[in-house]
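Worksheet for the structure shown next.
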Amino acid sequence: MPETLQAPPSDNSDLSDKPHPLIPQPDHPIAFLRGFLERPKEVGSIIPSSRWMERRITRSAEIAKSNLIIELGPGTGGTTKALLQAMAPEARLLAIEINPDFCELLTQTVRDPRLIVHQGSAADIQEALTKHDLTTPNAVLSGIPFSTMPKELGLSILQSVKESLAPGGRFVAYQFRDVVHTLGKQIFGPASIQLELLNMPPMRVYRWDMP
Ligand SMILES: C[S@@+](CC[C@H](N)C(=O)[O-])C[C@H]1O[C@@H](n2cnc3c(N)ncnc32)[C@H](O)[C@@H]1O
C-alpha cells in the first residue's frame, strides 16, 4: 500500500551552486550503501550521483521553467535537493521512491514545503498524482536502474511516464547502461543523449520530448 510522507518546511542552505568534488559525497553515502546492500537490484549503484550529474540532469530537464516535476527514485536525496534548488518558488516536486527507508530519510532530511515524498512504484505515477491531487507534470526525471529490473516492469514504468506527462513536457533518465534507451525507443522513439563523465561511473543522460 503506497504511503505518503509530507516534509515539514525548512531550508536547503547547505547547497551551493558550485559543483562539489566527486568524493566525498555529502548526501548520506552510508545509508545509500546500506540500501544497495539490502536491495541491490532496486538501488543499482553503490554511491549517489555526483554534484556534476545533479547539475546536468537539472539543466537537461529544464527544471527552472517546470511547475510540476516528478522524480522517480530519489534515493537519499542528493538529486532531490538539486531539483528543489533549481525549482521556481511555486513549483511542486513529487518524489516517488519504492524503498521505505529512503522515504523516511528524505522526509527527515529534505525539508521543503514544495516536496511531496510518495512511497510507491514508478509504474504507478497516475495513482500517485491522483492521491496528491496533482495534475500533469512538465518534467519527469528517473535514476532508477532499468538494467536490473524485468523488461515488462521497465516498459510499464516508461508507459506510465508517457501517460502522465503534459504536452511539451520532457522525460530525462540517467543511466550507466543503455537498457532504458532500448526500451524507451519502443515507447517514445529515439532520445537525445548526453554523457556525464564526472560521475562514478560516467553516465548517459537520455532526454525525450513530448509532442
Ligand atoms: C541509483 S539510485 C538513484 C538515487 C538518486 N536519484 C541519485 O541519483 O543519486 C535508484 C533509486 O531508484 C529507486 N527505485 C528502484 N526501482 C524503483 C521503482 N520501481 N519505483 C520507485 N523507485 C525505485 C531505488 O530505491 C533507488 O533509490
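Taken together, the values in this text are just the output of simple stated rules run on the coordinates, not laboratory data. As the structure is a computational prediction, the values presented were derived from the model and not from experiment. Using ideal geometry, Cβ is built from the backbone for each residue, glycine included, and neighbour counts are taken over all protein chains shown.
One decimal place: the segment residue 186-residue 148 gains 11.8 nm when fully extended, by the rule 0.36 nm per residue minus the C-alpha distance. Summarising the amide proton neighbourhood of residue 71: residues at separation of 5 or more, or on other chains, whose placed amide H is nearer than 5 Å comprise 94, 95, 96, 141.
Computed from the C-beta positions of residue 127 and residue 200, the FRET efficiency with R₀ = 30 Å rounds to 0.30. From helices alone, the chain scores -10000 deg cm²/dmol at 222 nm; the rule is -39500 (n - 2.57) for each run of n ≥ 4 DSSP H residues, then divide by the residue total. Residues whose amide H comes within less than 5 Å of that of residue 170, counting only those at least five positions distant or on another chain, are 139, 140, 210 (H built at 1.01 Å from N in the peptide plane).
Using a ≥ b ≥ c from the Cα gyration tensor of the range 101-183 (square roots of the eigenvalues), is it rounded, prolate or oblate, where a/c under 1.5 gives rounded and otherwise the larger of a/b and b/c decides, a/b for prolate? All intermediate terms of the calculation are to be shown ahead of the outcome.
Details: a/c = 1.80, a/b = 1.30, b/c = 1.39.
Oblate.
For the chain, the C-alpha radius of gyration sits at 0.92 times the compact-globule guess of 2.2 N^0.38 Å, with N the residue count. Spin-label model, residue 30 to residue 101: label points 7 Å out along the Cα-to-beta-carbon direction sit 1.3 nm apart. Here the Karplus relation 6.51 cos²θ - 1.76 cosθ + 1.60, evaluated at θ = phi - 60°, turns the backbone of the range 141-152 into coupling constants of 10, 9, x, 6, x, 6, 6, 10, 10, x, 4, 4 Hz, with x for every Gly and Pro.
Quick one: work out the % antiparallel among DSSP beta bridges in the chain, nearest 5. Don't skip to the answer; put the middle values down first.
Numbers: 15 of 33 bridges.
The antiparallel proportion sits near 45 percent.
Just add up the charged neighbours of residue 203: K/R +1, D/E -1, any other residue whose Cβ is under 14 Å from the Cβ of residue 203. Walk me through the intermediate numbers first.
On the way: positive: 51, 55, 56, 177, 204, 207; negative: 54, 178, 196.
Taking every other residue near residue 203 into account, the sum is +3.
The count of lysine pairs in the chain that are at least 8 places apart or cross chains, and whose C-alpha atoms lie under 29 Å apart, stands at 18.
Using C-alpha pairs under 8 Å with a sequence gap of at least 6, the mean separation divided by the residue count of the chain gives a relative contact order of 23 percent.
Could you tell me the calculated FRET efficiency between residue 179 and residue 135, based on Cβ-Cβ distance and R0 = 35 angstrom, to the nearest 0.05?
Working from the Cβ atoms, E equals 0.70.
If the chain linking residue 65 and residue 156 were pulled fully straight, counting 0.36 nm for each residue of separation and taking away their Cα-Cα distance, it would gain 30.0 nm.
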